[in-house]
Amino acid sequence: MKTFVLVASLFGGLFMGCATNPTVDLTPVNDVQLSRYLGTWYEIARFDHWFERDMTHAKAYYEMREDGHINVTNTGLKNGKEKMATAIAKTTATPGLLRVSFFRPFYGDYRILWLDKDYHHALVGGDDADYLWLLAREPNLSDALRETLLNEAKRRGYDTSRLIWVNQK
């Protein structure tokens with residue numbers, strides 16, 4: 001019964017979210033070299049969600065598997081304790097779109113919305129306006145890069161006032 005309630009809540013939230021979200025440009029970048037995207041990414045800012053609430057020092061590690069899928073390991077601190085979650089990501093026919101699952105067989109969109117030419121900074125979204133992350137290879141951003149990412153998110157229609165700036169210190 002608990003499993004049914006959890007699944008029903010997840011689907012209900014997805015459908016309700018789709019009905020109330022403003023229109024955002026969710027178009028992923030059209031050229032991604034996954035081999036360059038792999039590795040560690042620090043979460044600089046994010047929208048608030050129950051699965052990351054009160055999480056600090058959040059980062060993700062992406063590693064290619066022999067079968068062509070990607071192992072995703074997310075870590076962070078919550079109430080002073082290290083937390084970890086693992087997922088599998090699948091590539092799609094769209095270069096900047098991955099399908100990620102923490103709870104198989106359910107997959108969600110991982111859309112690389114903006115990526116600098118050196119693969120050091122990224123803007124990532126989901127399948128609607130409720131998901132947004134600002135990522136970097138280092139735990140901090142310069143003011144100029146922060147503005148670049150914020151401006152791109154705003155240009156796409158995201159409400160950047162909802163961002164939570166992640167403590168990486």
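The table that follows gives values for the structure above.
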| quantity | calculated |
| --- | --- |
| Per-residue ³J(HN,Hα) for the range 51-68, Karplus 6.51 cos²θ - 1.76 cosθ + 1.60, θ = phi - 60°, Hz, x for Gly and Pro | 6, 10, 4, 6, 7, 10, 6, 7, 8, 10, 10, 10, 9, 6, 9, 4, 7, x |
| Residue order, fewest to most surrounding Cβ atoms within 10 angstrom, among Lys154, Lys169 | Lys169, Lys154 |
| For Met55, net neighbour charge (Lys/Arg +1, Asp/Glu -1) across residues whose Cβ lies under 9 Å away | +1 |
| Which of Glu66, Glu138, Glu52, Glu43 has the fewest Cβ neighbours within 10 Å, and the rest in rising order | Glu66, Glu138, Glu52, Glu43 |
| Full-stretch length increase - Met84, Ser35 - with 0.36 nm per residue and alpha-carbon distance subtracted | 15.3 nm |
| Label-point separation in nm, Met64 to Thr160, each point 7 Å along Cα→Cβ | 3.3 nm |
| Amide proton proximity set for Thr92, modelled H, under 5 Å, gap of 5+ | Leu97 |
| Neighbour net charge for Asp25 - beta-carbon separation under 15 angstrom, K R +1, D E -1 | -2 |
| Charge dipole of the chain about the Cα centre (unit charges at C-beta), most positive-ward option of Val72, Thr94, Tyr37 | Val72 |
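Quick note: the coordinates plus some simple rules give every number you see, no bench work behind them. Quantities reported herein were computed from a predicted structural model and do not represent experimental measurements. Here Cβ is always computed from backbone atoms with ideal geometry, including for glycine, and neighbour counts include all displayed protein chains.
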